[in-house]
Structures are given as structure tokens and as C-alpha cells.
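Contents: one structure, followed by commentary.
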Amino acid sequence: MSTSLLYHGFGIRDYRHLKTEYQHGTIVFHIEKKDSRRYCKLCLSRDVIKFGRVSRRLRTVPIGAKKVFLEVHLHRLKCKNCGRIALEPLEIAYPKKSWTKALGRYVVELLKHTTVKDVAEHLGMSWDTVKDIHEQDLEKKLKRRSLKGLRYIGIDEISVGKGHKYLTIVVDLESGEVVWVGDGRDSQSLEDFFKRLKRSKAQIKAVAMDMWPAYIAAVLKYFPSEVIVYDKYHIIADCNRMLDELRRKETRQASLIEKKIFLGTRYLLLKGQEKIKDKKEAKEKLERLLKLNKPLNTAYLLKEELRQLWACEDREKAKGYLENWLSKAFASGIRLVMKFAKKVSKFKNQILNWFGKPVTTAVVEGINNKIKVLKRQAYGFRDMRYFKLRIYFIRSATYALFG
């Protein structure tokens, strides 16, 4: 075998071929480094002499369906310059790995088109080995990422297991890339990220998030409140939860005849008016309920009015609109509505920040949906570090690489 074939076929340079063996359906190439290319790994001097040898077997890129191994004959070298005796360096593989860098690149390329399970079966390797190769590659890519260019970020949490197990996800709202995956959903889950962000001197202009107290505390520790933009979709979702809780309360207090009118109205209350205006039956059913129950009617109208807040032309008009809405909500006398209004009033400025920085967590929600699909297709996950790395690169993934 020529050195050219070693280089072009397997990415091996500076080695010479000794012999080829065929063992149990596999191909084994015996190779050793050329004398002229040996050097002391401690002082880099080429003035060395051989001082014994060992061999190391590595898995490399297959030939067709045949597994290929490299039996690398490594020499201990005595350096005439520094006097040290050490095993010559092995550049074609990583320390303590049984596969070559060329095989690692081949596996990563295959993983762009299929799953970990399929690659493992195709190459006759273990699932864990393929996963380790991919994990190492993702870690190298992640280290090369910089936070310096971040300007707009979104923060949200996702449930990844039973027993209230969460991950905190931070996304670059401009590129759509996941820039942080933290354990839990407390303020500590963002601490290391914000420290790195400060060191990178990134100029953060806006942080889109919901009104979760732990996230608020974490952001305010490092940034002024002016950067916080409370996500409008989360605010409306909170309002809908309030409305649904009120519906359940009113249903319990209704008479048997009235309860029949409550049946099947949950989603009608939560939907926007525009979604049922052309549905005669649904519209009439909702109107019967609102005519029957005054508290629900008031809360529903307030919900619909709140949805129009973000249609205001500027912050000043929105401020007046929101203050008017809060006055109506507090004047309603409905405990649940007043409780929600108190929460909105507390974070009024951060809600209004949207009018200078119109960002939402919609991108983060999209990422979270992809993570849920990944988790389902994985049927759980055995390695949290690998799962988190997959999340960092989920935007560019074309396959669920757990399978």
C-alpha cells in the first residue's frame, strides 16, 4: 500500500505501510511513522533515537462493508536534546480513544442524515461510542461560539422529566440559536450565563421573558429593568388561566339547569372573538353563557380588551390604554380579575417596554416544541450532557439524533 492511499483514503500522513492482515472479516493495516517525521513531544526536537515500541489498534473508516483497523506501531523515543524518554505522539487519534479522527469525521457526517442508532448499526459500533463521537464534536463547536454579538435574547423554561424537572433555555432572537441551557428554572440557572455575558461585553438591548420571579431576579442582578420585555403571549396566557379558573368557580356555584349552559364553553371563552365570529352555533353558545353569568361576561370582555393593548400606535397611547384597562379591572369587584390586574400593574413598565423593543418569546417557544419532539423520539435520554448539547444545535438539526 502506498503512502498516497493512506493519506487520500484515510487521512493519514507521515506514516508508512508495513503490512496488511485479514482477520475474521476485517482488514488490519500495520503502519508506523516515517523515521524522518519522528520528534520528541516534550521539546519538539527531531534528534531522537528509538528506545523500544508498543502497538495500538484503532478503528478507522470502513472499506465498503468491511471494518478497517489500524495497528499503529509506536516507538518510545529518547531525545538527545532534553534526555527524556517518551512515547511518540499519535496525531491521528485523540488520547484514550479507540477510533481515528478520520472515523470521527465520517460518523459526524453520517449523523447529518440519519440517527445515532442507524449509524451504530451501519458501522457495527455501539450506540454509546457513536454518541461519544458526536458529543465530542458538539463540545468543540460549542467552545468556538461567542456571546459578544448578542443583542436580543428570549428566556423560557421547558419540562424535561417527571418531578418538576426543568431546563432554562436562552435563545438569540435574531439568529434563532440556543445560547444557553441551564439546569432548573431558578435564578441560579442563569447565573453562569449572565457572568459570561458580562465578560463578553455583549450589548443586550432586550430580554423577552414571562413574569417568572426567579428569571426577573436573575436579569435585574445584571441589567436595568428597561431591557426586560414581558412576553405578550404569556400575559394573555395568564389572563386565560384566570378566566378559566373563574369559569370553574362559577360552574360549581351554578344550578343544575345553568350548568348545562356552561358545558362545552371552555375553549369558546379562551378563543379570540375573531375566531368564532363566523361560527354561528359557537357564537350563540358563548353569548348565552355571557348573558347568564355577569362575572364571566366582565372577565371575558376585559380579556378581549387586553389583547388589543399591543395594537396601540406607541408607548404613550399604550400606557393610557393599559391604565384605563386596570381601572376597569379593579372596579370589577371580581377577586380573580383584581388579582390578575394587580400582577399586571406591578410589571406595567416591563409590559410597555415592548413598544420600544417589540420582541417576544415566540422563537423560544418554537425551540421548545423541537425539544419536546426530540425528547419523545429519544424515549427519554441516558446522558443529560449530550441531551443539552443537542439542544444547543437543535436549530440546525435535520434529524432526531437519538433514535
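Couple of notes before you dig in:
- Applying the condition of being without any contact (Cβ under 8 Å) to a residue 40 or more places away in the chain and among the aliphatic types (A, V, I, L, M) to region 49-62 and asking which residue is surrounded by the most Cβ atoms within 10 Å (Cβ to Cβ) yields Ile49.
- Scanning region 309-343 for residues that are touching a helix residue (DSSP H, G or I) at 6+ places or on another chain (Cβ under 8 Å) and outside any helix (DSSP H, G or I) yields Cys312, Asp314, Ser332, Ile334.
- Unmet requirement for Phe69, which otherwise passes all of (1) part of a strand (DSSP E or B); (2) over 19 Å from Arg13 (Cβ atoms): (2)
- A single member of Glu258, Glu281 is assigned to a helix (DSSP H, G or I), surrounded by fewer than 11 Cβ atoms within 10 Å (Cβ to Cβ) and at pLDDT below 90, and it is Glu281.
- Residue in region 1-19 that is farthest from the chain's Cα centre (by Cα), counting only those that are polar (S, T, N, Q) and loosely packed, with under 12 Cβ neighbours inside 10 Å: Ser2
- Residue count, region 265-278 (criterion: surrounded by 14 or more Cβ atoms within 10 Å (Cβ to Cβ) and within 21 Å of Ala254 (Cβ to Cβ)): 5
- For the criterion of being under 30 Å from the mean Cα position of the chain (by Cα) and in contact (Cβ under 8 Å) with a residue 24 or more places away in the chain, Ala102 passes.
- With respect to being of a type in the set (Val, Ile, Thr) and not assigned by TED's automatic domain parsing to the domain that holds Arg385, Val160 falls outside the description.
- Once region 113-149 is narrowed to residues that are assigned to a loop (DSSP other than H, G, I, E, B) and touching a Leu at 6+ places or on another chain (Cβ under 7 Å), the residue that is nearest to Lys67 (Cα to Cα) is Thr115.
Conditions (1) touching a strand residue (DSSP E or B) at 6+ places or on another chain (Cβ under 6 Å); (2) under 24 Å from Thr129 (Cβ atoms), marked per residue:
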| position | (1), (2) |
| --- | --- |
| Leu5 | no, no |
| Thr20 | yes, no |
| Ile31 | yes, yes |
| Asp35 | no, no |
| Arg38 | yes, no |
| Val48 | yes, no |
| Lys80 | no, no |
| Arg84 | no, no |
| Pro89 | no, yes |
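- Qualifying position, being in contact (Cβ under 8 Å) with a residue 40 or more places away in the chain, out of contact with any His (no Cβ under 7 Å at 6 or more places or on another chain) and under 13 Å from Val364 (Cβ atoms), among Asp210, Asp231, Asp172: Asp231
- Qualifying residue in region 361-378 (condition: at pLDDT below 90, under 20 Å from Leu110 (Cβ atoms) and of a type outside the set (A, V, I, L, M)): yes
- Among (1) in the same structural domain as Ile27 (by TED's automatic domain parsing); (2) part of a helix (DSSP H, G or I), the one test that Ala102 misses: (1)
- Screening the candidates Leu87, Leu77 for the property of being surrounded by 15 or more Cβ atoms within 10 Å (Cβ to Cβ), in contact with a His (Cβ under 8 Å, 6 or more places away or on another chain) and of a type in the set (A, V, I, L, M, F, W, C) yields one hit, Leu87.
The values are calculated or read from the model by the stated rules, or taken from the named source; none is laboratory data. Computed from a predicted model, the values in this text were never measured in an experiment. Please note: Cβ atoms are built from the backbone with ideal geometry, for glycine as well, and neighbour counts cover all protein chains shown.
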